[in-house]
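So the structure is just underneath, and the comments pick up after that.
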């Protein structure tokens, strides 16, 4: 089935639950699904009930589409994302982003749990992403291009909208939430990085590293959708004195920092 036909099939079903156009799309990373609690919920749709949607297989990803309002804004929130390391193709990983755009979303907010490589970072810190480096991630735009969705060669000079970044920093300041700003490195996973890899990625200019976000951002740029993204720093791989990293510890750190991220996202949505 052609991508346009898949999108129509998917959005037709979703509009049976919520017919109005969406203003803002949100993707929540590991341990960060509680942001959905900020939404005055109109409906919740399990991914398995949405045609052509993958299903979340990773602990910490709830696996449902939550639709409702924050203030006057209509929000569609992906409580749980999909990853290349789960065995999905880049097209499957990014398909929900195309669905959010097809539902009307003008802005995309992305969150993730990431390993800190900047020595100034501490576990639980928030990093606003100003740019990214794609390492070993397959570009989701490979293959024939659908000109109706976006150009063959999308510009990536401003992958994270400076206007949204400024708004997030203003919100963080007004909420007295300290934030960093930095470069996110996207890798495939599912292994955490070796100490040598952390050092290499930091030398290349990365401040945090994770297993998501980059492919989603590329597809958003392809469709002309401005992006704001932030990382919750859940571990510090660059330090030699730390013990091994586990997914359970990542989830614990993300859950602890989640209220700060949610407050910033809520501020941004209300100000759009």
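The values are calculated or read from the model by the stated rules, or taken from the named source; none is laboratory data. Predicted model, so just to flag it, every value in this text is computed and none were measured. FYI the Cβ positions are ideal-geometry reconstructions off the backbone, even for glycines, and counts take in every protein chain you see.
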Conditions (1) touching a helix residue (DSSP H, G or I) at 6+ places or on another chain (Cβ under 8 Å); (2) modelled with pLDDT of 95 or more; (3) assigned to a strand (DSSP E or B); number of the one not met by residue 115: (2)
Which residue is nearest to residue 217 (Cα to Cα), if the candidates are limited to region 131-154 and must be touching a helix residue (DSSP H, G or I) at 6+ places or on another chain (Cβ under 7 Å) and loosely packed, with under 13 Cβ neighbours inside 10 Å? 139
Quick one: is residue 213 at pLDDT below 90, crowded, with 21+ Cβ neighbours inside 10 Å and in contact with a strand residue (DSSP E or B) (Cβ under 6 Å, 6 or more places away or on another chain)? no
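So that you can scan it fast, the table gives a plain yes or no per residue for (1) within 27 Å of residue 164 (Cβ to Cβ); (2) touching a residue at least 60 places away in the same chain (Cβ under 8 Å); (3) in contact with a helix residue (DSSP H, G or I) (Cβ under 8 Å, 6 or more places away or on another chain):
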position: 12; (1), (2), (3): no, no, no
position: 22; (1), (2), (3): yes, yes, yes
position: 25; (1), (2), (3): yes, yes, yes
position: 32; (1), (2), (3): yes, yes, yes
position: 43; (1), (2), (3): yes, no, yes
position: 46; (1), (2), (3): no, no, no
position: 52; (1), (2), (3): no, no, yes
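Per-residue answers, yes or no, for (1) touching a strand residue (DSSP E or B) at 6+ places or on another chain (Cβ under 9 Å); (2) buried (at least 20 other Cβ atoms within 10 Å of the Cβ); (3) at positive phi; (4) modelled with pLDDT of 95 or more:
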| site | (1), (2), (3), (4) |
| --- | --- |
| 162 | yes, no, no, yes |
| 175 | no, no, no, yes |
| 185 | yes, yes, no, yes |
| 195 | no, no, no, no |
| 199 | no, no, no, no |
| 206 | yes, yes, no, yes |
| 224 | no, no, yes, yes |
| 227 | yes, yes, no, yes |
| 232 | yes, yes, no, no |
